[in-house]
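Right, one structure below, let's go through it.
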Amino acid sequence: MSGAIDLTVTYAMHDALRRDLAQLDRLTTAADHDPRQVLATAAGWRLFKKALHAHHTAEDDALWPSLRRNLAGRPRDLALLEVMEAEHAAIGTVIRAIDGALADPGAGSLRLGQLADALTRGLAGHLEHEEEAVLPLIQRVLTADQWGHFGRIQDQHVDQDAPLLLPWLLDGADERTAERLLARLPASAYAACTARWIPAYAALDRWRPGTTA
């Protein structure tokens, strides 16, 4: 069954999330600017949240249910899915806390830095856990149709902001990965992405205060 499951998009998504986590860490530990102003007004934080929401929502709605059906009678593997869902919930809680701190004039940079550190550790640990334990399980038990369904659901979430999220996903990807991601697109989306969306994204200083996306 492994030949039917192409994990290119999943690994690209994980790499892009890690890229932004590293940027978040730099922003919240640097001494030459106010990280609250950056996150509150820059496009980078909003894009990160949109991408993470698309990925996790698709997993919650389409991937975990398919895996749960295929893993009936395997309590250890089913428990792993419960852990994945719990990790998603914990990450969501931290993101909401960060947004709350950004909206609270009384929340200082120290509090924001603590929350950003919690997000970095929590999400990085979750991505590693998923890659080590869940992706091999997907290769063993998921059908091509089930994986395709998950991919379509994730694409639907990404399509809502495709002009930004597709270039965001491609940012920093190696040539082989970029080619495979672009090859998945319909002809019209491929043309728009290569001619307009990627150049516009390249011109966007995502982590500059006051940027819009």
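Could you tell me whether Thr211 is closer than 19 Å to Ala51 by Cα and hydroxyl-bearing (Ser, Thr, Tyr)? Lay out the reasoning, then the answer.
Working: closer than 19 Å to Ala51 by Cα: yes; hydroxyl-bearing (Ser, Thr, Tyr): yes.
It is true that Thr211 is closer than 19 Å to Ala51 by Cα and hydroxyl-bearing (Ser, Thr, Tyr).
Look at the range 190-213: where a residue is of a type outside the set (D, E, K, R) and a partner is open to solvent by 60 Å² or more (accessible area, probe 1.4 Å) and modelled with pLDDT under 95, sitting 6+ places away or on another chain with Cβ atoms under 6 Å, you get Pro209/Gln37; Thr211/Asp205.
Contact map, the range 106-119: first residue free of Cβ contacts under 8 Å to residues at least 12 places away in the same chain, second residue surrounded by 15 or more Cβ atoms within 10 Å (Cβ to Cβ), Cβ cut-off under 7 Å, separation 6 or more or different chains; pairs are Arg111/Ala101.
Within the range 46-87, the set of residues being in contact (Cβ under 8 Å) with a residue 40 or more places away in the chain, open to solvent by 60 Å² or more (accessible area, probe 1.4 Å) and within 20 Å of Leu7 (Cα to Cα) comprises His53, Asp61. Yes or no: the range 13-35 includes at least one residue that is open to solvent by less than 10 Å² (accessible area, probe 1.4 Å) and of a type in the set (Ser, Thr, Tyr). No, the range 13-35 contains no residue that is open to solvent by less than 10 Å² (accessible area, probe 1.4 Å) and of a type in the set (Ser, Thr, Tyr). Within the set Gln154, Gln160, the sole residue that is open to solvent by less than 50 Å² (accessible area, probe 1.4 Å) and either over 12 Å from Ile5 (Cβ atoms) or in contact with a Lys or Arg (Cβ under 6 Å, 6 or more places away or on another chain) (or both) turns out to be Gln154. The helices (runs of 4 or more DSSP H) located wholly in the range 99-213 that include 2 or more residues which are among the acidic types (Asp, Glu) occupy 109-129, 144-159, 175-183.
Taken over the range 91-112, the criterion of being surrounded by fewer than 16 Cβ atoms within 10 Å (Cβ to Cβ) and either under 16 Å from Leu21 (Cβ atoms) or in contact with a Cys (Cβ under 8 Å, 6 or more places away or on another chain) (or both) is satisfied by Gly92 alone.
Taking the residues in the range 165-189 that are touching a helix residue (DSSP H, G or I) at 6+ places or on another chain (Cβ under 6 Å) and open to solvent by 40 Å² or more (accessible area, probe 1.4 Å) as candidates, determine which candidate is nearest to Val38 (Cα to Cα). My answer is Gly172. Tell me, yes or no, whether the range 66-81 has at least one residue that is part of a helix (DSSP H, G or I) and within 24 Å of Arg184 (Cβ to Cβ). Checking the range 66-81: at least one residue is part of a helix (DSSP H, G or I) and within 24 Å of Arg184 (Cβ to Cβ).
Would you be able to tell me the number of residues in the range 127-146 that are basic (Lys, Arg) and buried (at least 19 other Cβ atoms within 10 Å of the Cβ)?
Within the range 127-146, the subset basic (Lys, Arg) is 140.
Next cut, buried (at least 19 other Cβ atoms within 10 Å of the Cβ) only: none.
Here the count works out to 0.
Taken over the range 5-16, the residue count meeting the criterion of being more than 19 Å from the chain's Cα centre (by Cα) and within 25 Å of Ala203 (Cβ to Cβ) is 0. Counting the residues of the range 1-16 that are in a helix (DSSP H, G or I) and either on the phi > 0 side of the Ramachandran plot or touching a helix residue (DSSP H, G or I) at 6+ places or on another chain (Cβ under 6 Å) (or both) gives 7.
Scan the range 17-44 for residues that are assigned to a helix (DSSP H, G or I), closer than 12 Å to Arg206 by Cβ and in contact (Cβ under 8 Å) with a residue 40 or more places away in the chain and report the count. Give the steps one after another, and end with the answer.
Residues of the range 17-44 that are assigned to a helix (DSSP H, G or I), as a first pass: 17-29, 35-41, 43-44.
Checking the rest, the ones that are also closer than 12 Å to Arg206 by Cβ come to 19-20, 23-24, 27, 38-39, 41, 43-44.
Restricting the remaining residues to those that are in contact (Cβ under 8 Å) with a residue 40 or more places away in the chain gives 19, 23-24, 27, 38-39, 41, 43-44.
Matching residues across the range 17-44 total 9.
The values are calculated or read from the model by the stated rules, or taken from the named source; none is laboratory data. From a predicted model like this one, the values you see are computed outputs, not experimental measurements. When we count neighbours, we look across all protein chains shown, and the Cβ atoms used for this are built from the backbone with ideal geometry, even at glycine. In case anyone asks, the SASA skips ligands and DNA or RNA and just uses the protein heavy atoms, side chains included. Shrake-Rupley method; radii C 1.70, N 1.55, O 1.52, S 1.80 Å.
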